[in-house]
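What follows is a single structure, written as structure tokens, with notes after it.
The values are calculated or read from the model by the stated rules, or taken from the named source; none is laboratory data. This one's a predicted model, so the numbers in the text were calculated from it and none came from an experiment. Cβ coordinates were reconstructed from backbone atoms using ideal geometry, including for glycine residues, and neighbour counts include every protein chain displayed. The area values use the complete protein model at the heavy-atom level, side chains included, leaving out ligands, DNA and RNA. Shrake-Rupley method; radii C 1.70, N 1.55, O 1.52, S 1.80 Å.
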Amino acid sequence: MDYSELPKAYDASAVEKDIFKAWEEAGYFDPDKLPERNQNGEPYCIVLPPPNRTGTLHMGHAKMLAVEDLLIRFYRMQGRKAYWIPGTDHAAISTQVKVEQILIKQGMKDPRRELGREKFLEEVKKFAQQSRDTIVSQCKAMGASMDWNREKYTLDEDRNKAVNHMFKMMYEDGLIERGFRVVNWDPQFKTTLSDDEVLHKETQAELVTFKYDKDFPIAISTTRAETKFGDTAVAVHPDDVRYKQYIGQTLAANYCGKQISVKVIADKEVDPEFGTGALGVTPAHSMIDSDIANRHELPMVQVIGQDARMTVEAGPDFEGLTTLEARAKAISMLEEAGCLIKKEAVPQNLMIAERGGATVEQLPMRQWFVRVNKPFKLRQNSLGKWKQGDETTLKELMRHAVESGQTRILPESFHKIYFHWIDNLRDWCISRQIWFGHQIPVWYRRSSQAARPTSEDCEVSVGVEPEGDGWERDPDTLDTWFSSGMWTFSTLGWPDTASVDEQGNLIKTGELAMYHPTNVLETGYDIIFFWVARMILMSAYALGEVPFHDSYLHGLVRDDQGRKMSKSLDNILDPLDLIPKYGTDAVRLSLVMGTSPGLDQKLSEEKIKDFRNFTNKLWNISRFVLQSTSQTTVEEADRQRAGGKTLSDDWILSRFYHVQNKVTALIKDYQLSQAGELLRDFTWSDLADWYLEISKIEKNKDAVLGHILPRLLKLWHPFMPFVTEYIWKVGGLGSGQLMVSEWPSEESQASEAEKRFETIKTLVTDLRRLRSEQGIEPVKFVEFAVVADHAGSQIIEKNMEVVKSLCRAEKIILADKIDDGWAAAVSGSMTIGLNLAGAVDVEAEKMKLQKEMEDLIPYIESTEKKLSNSEFTAKAPEKVVKGMQDKLEEAKHKLAALEQRLKIL
RNA sequence: GGACGUUUAGCUCAGUUGGUUAGAGCGUUCGAUUCACAUUCGAAAGGUCGCAGGUUCGAAUCCUGCAACGUCCACCA
């Protein structure tokens, strides 16, 4: 091939599509179509966190894809049977809300009512399908090496089967139950929400202190006067002498025109120091109060309805008012009646819905819950701690999975956060009053004349649709995270691929046996609770094993000022804009380099541009190697390499093996950024700036370059798959595709060459400095001579051509070969003889020398002191002491040389 | 209210059991250029490692306190 035809600049957009197509056609994204080497290898599996079918992918997704593809490609090249499970998430409420908004924009007033369940769901499905298509093409544009023929969907038939099975299991184990409890209610979307879907926003509120009516003996405080119609108790601390006399009494009161009956109860939870020390208990509209009410068996009066307006229970004056209207009205009525004691402004956390931002009301409703504290009997041995039939709780399972190290969360600082969340976890409300999602697999048949079916007066069938007439299915759907929580095994054929043997061991078959537990779950830290924790819960419960060994949590991608990317700020960087502009490889590098797990990253277009420059650099390095060396196959190169090596050859090979092994270790340890930076330093500094320059002087580098280039491309491939695969192809560097080539793994050879080559680097750098600082023309270097210690002198003499060329000097004379007419000066371990006949600005050089000496003296003094300290030499590791001694010697040498040079000047 | 994270060069960030004179990229300044690459090359300047104590022969690294910024959790009604 004629490499001189290769373009000077790498044009990513011109080649990426074809490369991706070639990958797809080769079929290697499918683990079952990988080469034999991989087929026999150990499985390696990552599930893609399924992107929500709510629109398009953003930078966070791009980062996720970049990291996961890096890992998958790395392990695939390492010979593992790599399986990256692709899929998308129906994202229940998010998607439904999105479609509703679109339909409203198109002119509908209330799409759900106007269309009805079936037609509305058709609209949602249409949208979800479009969104899915966009997501798939975006994943492909990112170079993500997963096989979409194996696509899974959280709402497809297989997943529905798994969900229903899980629901039934948990129901039978008493872990799922229907209950009338206080739940989070989103009045805007008219559905319940889990605790995690509720945000707290600090606002100013008015805390009012009052008595229910004039004759009521106890004053209480509240920020929500409108809920007080629902009070059924006043709670005080049992030891509070002020109220002791009332404890146990039931008092009647007239609160703003409504007759209420409150019992005075004693409860240790009440803080006697706060406010009046008495707490009005509203069981229907506060989870905390509801807990108190359960303890004391108090009745519940619901005064706020699902429309966030007051109910008939609030009395005729208030019924139908919004909560805010009712609050204002109640306060003014209290004021008029002379019951108001105090008003003060306090900060208060308002509960708002994560989606939509509506104020969340707490209401009592009949809903389905997963009970996290309920002891149950395990169906199989679990997590190496429990045997079949042992009692435990879901919380215990979640805790032990991480505590025992079976799942590792990275960075480890998230362990604490995880445990804290578990400790505070309440039962998980899983039923939603939306249409898009897995419909709850429960059927009721009326067994009484009740107007509406409830579990009390109905026959209930769970899991599969029962035979017979009169059955009606629960209209609610499941929280989207219920199905997401099963993702690692619902995608691997569960429940058909799992059974339990007589000893209580889980027997896995098929893909579940092959790939579960998966190796790593890589996702943003923002969904650790929503998803990571629930996956652990589901897997530990249903399989008795963890869903993944490692959980690598990446940070959020922010703009260059550290702000969240958002439409309103107009600071969104869109992968789809950037990929054609800078190339996918550049975008991927910018999302991996300079980042740490768990920490947010700032991203600017500038950074992506820098990595575009680097892809081009790698392109040109390769082009140069291909053009300037004779075509050698990898095998030929290896053979040739055996003989005729120079110092620079030994040096670059030594460096390369070091980098190769270090990069391998770093990737295995998830230190992707560091691995990339190490590779970049080697590629740009060592290889391009030194070795390739030397190769222009010393010929016959074909074998070494022919050895390094293909291996370097391999090391880079997981980071920048496109450009490396392209070079591999146009360079004819190997028979198959780079993506399934073998990861290089030569043992690191400890070599003296690195140290000896430093001698040359130091000298060259020094001479370059003189030229740069003092503007001495290259030709003048003729006048410079070099004295090195014996070894250094020999190194330089042997590599004279290289040194001369790199310094652009015509001639360099070693000092031991010059006469007294030359003066000697010193730099580092070698002496640079300077001809005083005008080549150097003496004053400038003197100042430079003096400054260098000044910097050196304190170091030498302190190091000497340290080394003479017996405690130090006794306690410090030998390696450190030896290193310091060497450095000290070097510094002393240098100082002496500087002194001498100064004297001469 | 509880917890977590961050704070290192003008900017973005490395710095993994405490150990040799704290590193890189970008930016800045100066210089180079027919030679793979101006998407380039060379050189230089630039840091009391947030502040104050402590432990240690030795601290950016460990401990304590403080500050700034950020995040998560929690309905003191």
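List the pairs whose first member sits in segment A:678-690 and is closer than 19 Å to A:Gly706 by Cβ and within 8 Å of RNA strand B (Cβ to nearest atom), whose second member is assigned to a helix (DSSP H, G or I) and not hydroxyl-bearing (Ser, Thr, Tyr), and whose Cβ atoms are under 7 Å apart, counting only residues at least 6 apart or on separate chains?
Qualifying pairs under 7 Å: A:Ala688/A:Lys617; A:Ala688/A:Ile621.
Take the residues in segment A:699-709 that are surrounded by fewer than 23 Cβ atoms within 10 Å (Cβ to Cβ) and away from RNA strand B (no atom under 14 Å from the Cβ), then tell me which one is modelled with the lowest pLDDT.
The residue in question is A:Asn700.
Say we look at segment A:326-346 and pick out the residues that are under 44 Å from the mean Cα position of the chain (by Cα) and of a type outside the set (A, V, I, L, M); which of these is nearest to A:Ile220 (Cα to Cα)?
Going residue by residue through segment A:326-346, those that are under 44 Å from the mean Cα position of the chain (by Cα) are A:327, A:344-346.
Cutting the leftovers down to of a type outside the set (A, V, I, L, M) gives us A:327, A:344.
Numbers: A:Arg327: 15, A:Glu344: 13 Å.
Per the stated criteria, the residue is A:Glu344.
For the list (1) within 22 Å of A:Phe530 (Cβ to Cβ); (2) part of a helix (DSSP H, G or I); (3) open to solvent by 30 Å² or more (accessible area, probe 1.4 Å), I need the number of the one condition that A:Leu155 fails.
Result: A:Leu155 passes all but (2).
Can you name the residue in segment A:710-720 that is more than 14 Å from RNA strand B (Cβ to nearest atom) and in a helix (DSSP H, G or I) and, of all such residues, is surrounded by the fewest Cβ atoms within 10 Å (Cβ to Cβ)? Even if it seems obvious, please write down each step before you answer.
Keep residues of segment A:710-720 that are more than 14 Å from RNA strand B (Cβ to nearest atom), which gives A:710-711, A:713-719.
Now drop any that are not in a helix (DSSP H, G or I), which leaves A:710-711, A:713-716.
Values: A:Pro710: 23, A:Arg711: 20, A:Leu713: 24, A:Lys714: 22, A:Leu715: 25, A:Trp716: 24.
It comes out as A:Arg711.
Just to be sure, is A:Ala844 small (Gly, Ala, Ser), more than 10 Å from RNA strand B (Cβ to nearest atom), under 27 Å from A:Val764 (Cβ atoms) and modelled with pLDDT of 55 or more? Quick ask: steps written out before the conclusion?
Values: small (Gly, Ala, Ser): yes; more than 10 Å from RNA strand B (Cβ to nearest atom): yes; under 27 Å from A:Val764 (Cβ atoms): yes; modelled with pLDDT of 55 or more: yes.
Here the answer is yes, as A:Ala844 does meet what is asked.
Inside segment A:506-520, can you point out the residues that are in a helix (DSSP H, G or I) and within 25 Å of A:Lys387 (Cβ to Cβ)?
From segment A:506-520, those in a helix (DSSP H, G or I) are A:510-515; that's our starting set.
Correct list: A:Leu512, A:Ala513.
Residues being touching a Leu at 6+ places or on another chain (Cβ under 9 Å) and closer than 19 Å to A:Ser539 by Cα: count how many of those fall in segment A:398-424. Working first, answer last.
Filtering segment A:398-424 for residues touching a Leu at 6+ places or on another chain (Cβ under 9 Å) gives A:398, A:400-401, A:404, A:406-407, A:409-411, A:414.
Among the residues that remain, those that are also closer than 19 Å to A:Ser539 by Cα are: A:398, A:400-401, A:404, A:406-407, A:409.
Residues in segment A:398-424 being touching a Leu at 6+ places or on another chain (Cβ under 9 Å) and closer than 19 Å to A:Ser539 by Cα: 7 in total.
Of all residues in segment A:579-594, count the ones that are buried (at least 21 other Cβ atoms within 10 Å of the Cβ) and part of a helix (DSSP H, G or I).
11
Which residue pairs have Cβ atoms closer than 9 Å, lie 6 or more positions apart in sequence or on different chains, and pair a first residue in segment A:616-631 that is more than 19 Å from A:Ala14 (Cβ to Cβ) with a second residue that is of a type in the set (Val, Ile, Thr) and open to solvent by less than 40 Å² (accessible area, probe 1.4 Å)?
Once the first residue is more than 19 Å from A:Ala14 (Cβ to Cβ) and sits in segment A:616-631, its partners that are of a type in the set (Val, Ile, Thr) and open to solvent by less than 40 Å² (accessible area, probe 1.4 Å) give A:Ile621/A:Thr683; A:Val625/A:Ile708.
With respect to the numbered conditions (1) crowded, with 20+ Cβ neighbours inside 10 Å; (2) at pLDDT below 65; (3) within 19 Å of A:Glu810 (Cβ to Cβ), which one is the sole condition not fulfilled by A:Ala788?
The one condition A:Ala788 does not meet is (3).
Strands (runs of 3 or more DSSP E) wholly in segment A:241-315 with at least 2 residues that are more than 27 Å from A:Val346 (Cβ to Cβ), over 51 Å from the mean Cα position of the chain (by Cα) and more than 14 Å from RNA strand B (Cβ to nearest atom) - which ones? Spell out the reasoning first.
Values: elements: A:250-255, A:258-266, A:278-281.
By residue number, A:250-255, A:258-266.
Would you check if A:Asp570 is more than 24 Å from A:Phe614 (Cβ to Cβ), open to solvent by 30 Å² or more (accessible area, probe 1.4 Å) and either away from RNA strand B (no atom under 11 Å from the Cβ) or at pLDDT below 90 (or both)? Please lay out each step first, then the result.
Working: more than 24 Å from A:Phe614 (Cβ to Cβ): yes; open to solvent by 30 Å² or more (accessible area, probe 1.4 Å): yes; either away from RNA strand B (no atom under 11 Å from the Cβ) or at pLDDT below 90 (or both): yes.
So A:Asp570 passes the test.
May I ask you to list the residues in segment A:667-684 that are open to solvent by 20 Å² or more (accessible area, probe 1.4 Å) and assigned to a helix (DSSP H, G or I)?
Matches in segment A:667-684: A:Lys668, A:Gln674, A:Glu677, A:Leu678, A:Arg680, A:Asp681, A:Trp684.
(1) within 16 Å of the chain's Cα centre (by Cα); (2) open to solvent by less than 10 Å² (accessible area, probe 1.4 Å); (3) modelled with pLDDT of 95 or more: which one isn't true of A:Gly555, the others all being true?
(3)
Among A:Leu705, A:Leu738, which is out of contact with any strand residue (DSSP E or B) (no Cβ under 8 Å at 6 or more places or on another chain) and touching a residue at least 60 places away in the same chain (Cβ under 8 Å)? Please lay out each step first, then the result.
Numbers: A:Leu738 fails: touching a residue at least 60 places away in the same chain (Cβ under 8 Å).
Every option except A:Leu705 fails the conditions.
So if I check each of A:Val500, A:Val462, A:Val442, A:Val520, which one is β-branched (Val, Ile, Thr) and open to solvent by 30 Å² or more (accessible area, probe 1.4 Å)?
Working: A:Val462 fails: open to solvent by 30 Å² or more (accessible area, probe 1.4 Å); A:Val442 fails: open to solvent by 30 Å² or more (accessible area, probe 1.4 Å); A:Val520 fails: open to solvent by 30 Å² or more (accessible area, probe 1.4 Å).
The unique qualifying residue is A:Val500.
If we scan segment A:325-336, do we find a residue that is assigned to a loop (DSSP other than H, G, I, E, B) and either away from RNA strand B (no atom under 14 Å from the Cβ) or without any contact (Cβ under 8 Å) to a residue 40 or more places away in the chain (or both)?
Restricting attention to segment A:325-336, the residues satisfying the condition of being assigned to a loop (DSSP other than H, G, I, E, B) are none.
No, segment A:325-336 contains no residue that is assigned to a loop (DSSP other than H, G, I, E, B) and either away from RNA strand B (no atom under 14 Å from the Cβ) or without any contact (Cβ under 8 Å) to a residue 40 or more places away in the chain (or both).
Residue by residue, here is whether (1) away from RNA strand B (no atom under 16 Å from the Cβ); (2) in contact with a strand residue (DSSP E or B) (Cβ under 8 Å, 6 or more places away or on another chain); (3) of a type in the set (S, T, N, Q); (4) free of Cβ contacts under 8 Å to residues at least 60 places away in the same chain holds:
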site	(1), (2), (3), (4)
A:Glu344	no, yes, no, no
A:Leu350	no, yes, no, no
A:Ala353	no, yes, no, no
A:Gly356	yes, yes, no, no
A:Thr359	no, yes, yes, no
A:Met365	no, yes, no, no
A:Val370	no, yes, no, no
A:Leu383	yes, no, no, no
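How many residues does segment A:175-203 contain that are more than 32 Å from the chain's Cα centre (by Cα), open to solvent by 20 Å² or more (accessible area, probe 1.4 Å) and either within 11 Å of RNA strand B (Cβ to nearest atom) or at positive phi (or both)?
1
For segment A:595-614: of the residues being near RNA strand B (Cβ under 6 Å from one of its atoms) and either closer than 14 Å to A:Gly562 by Cα or within 14 Å of the chain's Cα centre (by Cα) (or both), which is surrounded by the most Cβ atoms within 10 Å (Cβ to Cβ)?
Top of the filtered list is A:Gln601.
What's the number of the only condition in (1) closer than 26 Å to A:Ile430 by Cα; (2) surrounded by 14 or more Cβ atoms within 10 Å (Cβ to Cβ) that A:Lys416 fails to meet?
It is condition (2) that A:Lys416 fails.
Please count how many residues of segment A:853-891 are more than 9 Å from RNA strand B (Cβ to nearest atom) and either open to solvent by 40 Å² or more (accessible area, probe 1.4 Å) or over 26 Å from A:Gln774 (Cβ atoms) (or both). Let's see the steps before the verdict.
First, pick out the residues of segment A:853-891 that are more than 9 Å from RNA strand B (Cβ to nearest atom): A:853-854, A:857, A:861, A:864, A:867-868, A:878, A:889.
This time we only want the ones that are either open to solvent by 40 Å² or more (accessible area, probe 1.4 Å) or over 26 Å from A:Gln774 (Cβ atoms) (or both), so: A:854, A:857, A:861, A:864, A:867-868, A:878, A:889.
So the count comes out to 8.
Here is a check on your reading of the model: is A:Asp526 open to solvent by 10 Å² or more (accessible area, probe 1.4 Å), within 16 Å of RNA strand B (Cβ to nearest atom), over 30 Å from A:Arg379 (Cα atoms) and in contact with a strand residue (DSSP E or B) (Cβ under 6 Å, 6 or more places away or on another chain)?
Working: open to solvent by 10 Å² or more (accessible area, probe 1.4 Å): yes; within 16 Å of RNA strand B (Cβ to nearest atom): yes; over 30 Å from A:Arg379 (Cα atoms): yes; in contact with a strand residue (DSSP E or B) (Cβ under 6 Å, 6 or more places away or on another chain): no.
So A:Asp526 fails the test.
What helices (runs of 4 or more DSSP H) lie completely within segment A:1-88 and have 2 or more residues being open to solvent by 40 Å² or more (accessible area, probe 1.4 Å)? Outline the logic, then answer.
Values: elements: A:12-26, A:36-39, A:59-77.
Fully inside segment A:1-88 and qualifying: A:12-26, A:36-39.
Going through segment A:211-225 one residue at a time, which ones are within 11 Å of RNA strand B (Cβ to nearest atom) and of a type outside the set (D, E, K, R)? Show your work before the answer.
Within segment A:211-225, the first condition is being within 11 Å of RNA strand B (Cβ to nearest atom), and the residues that meet it are A:219-225.
Residues satisfying the conditions are A:Ala219, A:Ile220, A:Ser221, A:Thr222, A:Thr223, A:Ala225.
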